[in-house]
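To keep things clear, I will list the structure first and then write my remarks on it.
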Amino acid sequence: MLLTDLTAASMADELAGYGLVTDAGIAIEKGKIAWIGPMAECPGEYASFDKYPCGGRLVTPALIDCHTHIVHGGNRAQEFEMRLEGASYEEIARAGGGIVSTVKATRDTGDADLLASALRRVDALIAEGVATVEIKSGYGLDQETELKMLRVARAVAKERPIHVSTSFLGAHAVPAGSDADVYIDEICIPTLIAAHAEGLVDVVDGFCEGIAFDAAQMRRVFVAAKALGLPVKLHAEQLSNIGGTALAAEFGALSADHVEYATDADAAKLAKSGSVAVILPGAFYAIREEQAPPVNAFRKHGVPMAVATDWNPGSSPLGSLLLAMNMACTLFRLTPAEALSGATKNAARALGLADRGVLAAGMRADLAIWDVQSPAELSYGIGINPLHKRIFGGEL
Ligand code: DI6
Ligand code: FE
């Protein structure tokens, strides 16, 4: 197939630009991009391919949501309502709310229902041009349910044309009535080993926070991950600074996520380790956080920034990556080019996937064709979905 009559935002620039190619063509062969460039320079071997005229539209790499929790049971609308009626976080927790309520709902939901609800969420992402989604465990906190969540995440990729990257997030919260150290050593790490043995784990994640696990506990999980040859990433510095970013950098993490409370020194460490800072404006917005991530420090030190939904039932019930891009611009002053890099090129990097996120020869043919004139429009609209068509692995 040869896509013609288009402008391409290839994202292939070394710099933070769009890598625009006007009057462009894109040749696709065997699920990969064979050639991209100005149509005037199209090599003869591609000129005979079946043409797919794009009507002058903009073509970008398909979007990548590199941080989600879309496999989970139940929802927390009632908690949202209670908070707006004046209940405190503590009162909600005492009434069985918060993350513990999602753990209970996820344990109580069967595989088929978990999958059905995950597919509804993934369909919303596909509808706005997402072709790769990361999905975390972490609402089981016991071996049976953590494995169930990861199996459902794998099943999503069998049911829909989307690539799923799984993250083991056993270190998400301390289960009610447990000791954090005992949980890490006796439940979390053995569960990680079992999940890995079943081929369910692509990356190992954790929640390094005062209300979850400290850096020493997370270090034990990372040591176990490294022993299995698995890459790591970390929810770090979301609500306070307790050294998660430094730990992530020390382990060469793919990414440190949230990072509102990261410092200039933390940014320097991430730059050195080559880790991506994943910006999650949905959680910032929903919990009415006031500390913005240190975007200027990331720029200064050259830390790549990704943008994701963090779609979860508690702190970020956000089902739109395009809206996350808009929020990253409006709330954190990312440029639209940074936001688009964050949902393509840098999101791929945050997942350790080197074969996507830019339009270049040899890359997977995961593309999005948009009814827009300029790439800034993708971040500018609020709740507007201009997707015309998505191409997944070369298939329209
Ligand atoms: N950070 C978050 O914002 C969510 N998990 C995490 O590690 C919260 C998840 C929830 O409230 O259910
Ligand atoms: Fe998260």
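The values are calculated or read from the model by the stated rules, or taken from the named source; none is laboratory data. Given the structure is predicted, the values throughout are model-derived calculations rather than measurements. So basically every Cβ, Gly included, is an ideal-geometry build from the backbone, and we count neighbours across all protein chains shown. With ligands, DNA and RNA removed, areas are computed over all heavy atoms of the protein, side chains included. Shrake-Rupley method; radii C 1.70, N 1.55, O 1.52, S 1.80 Å.
Here is the figure for region 136-162: residues that are in a loop (DSSP other than H, G, I, E, B) and within 15 Å of ligand 1 (Cβ to nearest atom) total 5. Report whether or not Arg333 is modelled with pLDDT of 95 or more, of a type in the set (Lys, Arg), at positive phi and over 14 Å from the mean Cα position of the chain (by Cα). So Arg333 passes the test.
Please go through region 6-39 and give me each residue that is closer than 14 Å to Asp50 by Cβ and without any contact (Cβ under 8 Å) to a residue 60 or more places away in the chain, ordered by number. Gly25, Ala27 - these are the residues of region 6-39 that are closer than 14 Å to Asp50 by Cβ and without any contact (Cβ under 8 Å) to a residue 60 or more places away in the chain.
Could you count how many residues in region 284-320 are on the phi > 0 side of the Ramachandran plot, within 11 Å of ligand 1 (Cβ to nearest atom) and open to solvent by 40 Å² or more (accessible area, probe 1.4 Å)?
Restricting attention to region 284-320, the residues satisfying the condition of being on the phi > 0 side of the Ramachandran plot are 288, 302, 310.
Filter once more, keeping what is within 11 Å of ligand 1 (Cβ to nearest atom): 310.
Checking which are open to solvent by 40 Å² or more (accessible area, probe 1.4 Å) leaves us with none.
Here the count works out to 0.
Within region 316-324, identify whether any single residue is within 16 Å of ligand 2 (Cβ to nearest atom), touching a Lys or Arg at 6+ places or on another chain (Cβ under 7 Å) and within 23 Å of Ser10 (Cβ to Cβ), and answer yes or no. Checked against the condition, which is being within 16 Å of ligand 2 (Cβ to nearest atom), touching a Lys or Arg at 6+ places or on another chain (Cβ under 7 Å) and within 23 Å of Ser10 (Cβ to Cβ), region 316-324 yields no hits at all.
Restricting to region 215-263, name every residue that is touching a Pro at 6+ places or on another chain (Cβ under 6 Å) and acidic (Asp, Glu). Scanning region 215-263 gives a single hit, Glu260. Checking each residue in region 214-238 for being in a loop (DSSP other than H, G, I, E, B) and either crowded, with 18+ Cβ neighbours inside 10 Å or on the phi < 0 side of the Ramachandran plot (or both) picks out Asp214, Leu228, Leu230, Pro231, Glu237, Gln238.
Scan region 240-259 and tell me whether some residue there is open to solvent by less than 10 Å² (accessible area, probe 1.4 Å), more than 16 Å from Gly206 (Cβ to Cβ) and within 15 Å of ligand 2 (Cβ to nearest atom). No, there is no match, as no residue in region 240-259 is open to solvent by less than 10 Å² (accessible area, probe 1.4 Å), more than 16 Å from Gly206 (Cβ to Cβ) and within 15 Å of ligand 2 (Cβ to nearest atom). Residue count for region 365-382 satisfying the condition of being in contact (Cβ under 8 Å) with a residue 60 or more places away in the chain and open to solvent by 70 Å² or more (accessible area, probe 1.4 Å): 2.
With respect to the conditions (1) within 15 Å of Gly352 (Cα to Cα); (2) within 16 Å of ligand 2 (Cβ to nearest atom), Pro281 falls short on a single one, namely (1).
Which ones in region 268-320 are within 20 Å of Ile382 (Cα to Cα), in contact (Cβ under 8 Å) with a residue 40 or more places away in the chain and outside any loop (DSSP other than H, G, I, E, B)? Answer for region 268-320, where residues must be within 20 Å of Ile382 (Cα to Cα), in contact (Cβ under 8 Å) with a residue 40 or more places away in the chain and outside any loop (DSSP other than H, G, I, E, B): Ile279, Pro281, Gly282, Ala283, Phe284, Tyr285, Ala306, Val307.
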